[in-house]
Amino acid sequence: MHAMVLTAPRARLRMEERPDPIPGEGQIRVKISACGVCRTDLHVVDAELPNIRYPIVPGHEIIGRVDLVGPNVASHAAGDRVGIPWLGFTCGHCRFCRDGMENLCDSPMFTGYTRDGGYATHTVADARYAFPLGEAGNDVEMAPLLCAGLIGWRSLVLAGDAARLGLFGFGAAGHIIAQIAVWQGRSVYAFTRRGDGAAQGLARRLGAVWAGASDETPDEPLDAAIIYAPAGELVPAALRAVRKGGRVVCAGIHMTDIPSFPYDLLWEERQLVSVANLTRQDGFDFLKIARKAGVRTETTAFPLNQANEVLSMLRDGRILGAAVLTP
Ligand SMILES: [Zn+2]
Ligand SMILES: [Zn+2]
């Protein structure tokens, strides 16, 4: 197999040839056809997350087919099309796992972060965390659903029944969740980097009633806002945009420091919460609703050996929608 491997903080990924992995007890080996590039991959490469295990193969929006099944796997067979998300393993017995919050498990494993991911031709996954996908849909277009879509969905659920919803950052997650929110009958307000006409145009095409820069304020206050961009200064901006009792959801795994802000912005029962990871139930719920809502992703495909260049483009905001590697 071939893989793009990260060997040290902030290093360039290096193409390596490795022996094909053998799936262990309860595992499947998957031949990868598409792997989305998520902003979290940048946080891994930049060592902005703790406890990264080197060498590591990034990538956690994996679509492929099972090509070898380990012992004691009844759920999957060779040839099955699967999606492998960020959540790679949970312990099943900590208080969070027992209480239906496996996204907060005390000893989890994450694909492309603490176990090898999808910037590769093959990967091995715990069968219990690989979603069966069936045959509908295109591999490249579906890859971003596996994290941008799925964790985006969890953040939308956390935003409650807000009729007027702000999305700060309109990349992979924003453009997927906007479609679901519009389908649900909400009014979507898309906030982008100043001057990002491409992202604002995409937002309007997908049904947003308003698109502008993140330091602009729509006429009416929002019921809730979700922050997808990793910029701490968006927290006070989003709090400023929501009404009394409104909620701001931080959906990213990493954010630059939040600047201090006057208590007035939080006062009047505004709420500020974060989203961490996903549960498998989120995945089942989201994949069903994405089909119903007819979500179409805006993707650009790149060969696996261009992973470094794609990460640079993502860092500079030069990707419209989502980038996908095709091994
Ligand atoms: Zn646990
Ligand atoms: Zn992700």
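The values are calculated or read from the model by the stated rules, or taken from the named source; none is laboratory data. The structure presented is a predicted model; accordingly, all values stated were derived computationally and were not measured. In this analysis, Cβ positions are derived from the backbone assuming ideal geometry, glycine residues included, and neighbour counts consider all displayed protein chains. We work out accessible area using only protein heavy atoms, side chains counted, and drop any ligands, DNA or RNA first. Shrake-Rupley method; radii C 1.70, N 1.55, O 1.52, S 1.80 Å.
A few remarks follow.
- The listed residues are 296, 291, 280, and the only one of them that is under 15 Å from the mean Cα position of the chain (by Cα) and open to solvent by 60 Å² or more (accessible area, probe 1.4 Å) turns out to be 280.
- Index of the failed condition, residue 308 passing every other in (1) under 19 Å from residue 144 (Cα atoms); (2) assigned to a helix (DSSP H, G or I); (3) without any contact (Cβ under 8 Å) to a residue 40 or more places away in the chain: (3)
- Looking across the range 118-177, the residues that are farther than 26 Å from residue 239 by Cβ, aliphatic (A, V, I, L, M), at pLDDT 95 or above and more than 15 Å from ligand 2 (Cβ to nearest atom) come down to 120, 124, 125, 127, 130, 133, 140.
- The range 202-237, residues that are within 12 Å of residue 162 (Cβ to Cβ) and either in a loop (DSSP other than H, G, I, E, B) or hydrophobic (A, V, I, L, M, F, W, C) (or both): 221, 222, 224, 225, 226
- Residue 83 open to solvent by less than 50 Å² (accessible area, probe 1.4 Å), more than 27 Å from residue 186 (Cβ to Cβ) and not assigned by TED's automatic domain parsing to the domain that holds residue 250: no
- Pairs where the first residue, in the range 189-200, is free of Cβ contacts under 8 Å to residues at least 60 places away in the same chain and of a type outside the set (Val, Ile, Thr) and the second is surrounded by fewer than 24 Cβ atoms within 10 Å (Cβ to Cβ) and in a helix (DSSP H, G or I), C-beta under 7 Å, 6+ apart: 190/200
- Annotation note: Cβ proximity below 8 Å between a residue of the range 21-44 that is farther than 21 Å from residue 6 by Cα and a residue that is within 16 Å of ligand 1 (Cβ to nearest atom) (sequence gap 6+ or interchain) occurs for 26/126; 26/128; 27/126.
- Residue in the range 91-109 that is within 16 Å of ligand 1 (Cβ to nearest atom), assigned by TED's automatic domain parsing to the domain that holds residue 11, in a strand (DSSP E or B) and in contact with a strand residue (DSSP E or B) (Cβ under 8 Å, 6 or more places away or on another chain) present: yes
- So residue 67, is it within 16 Å of ligand 2 (Cβ to nearest atom) and either crowded, with 17+ Cβ neighbours inside 10 Å or not in a loop (DSSP other than H, G, I, E, B) (or both): no
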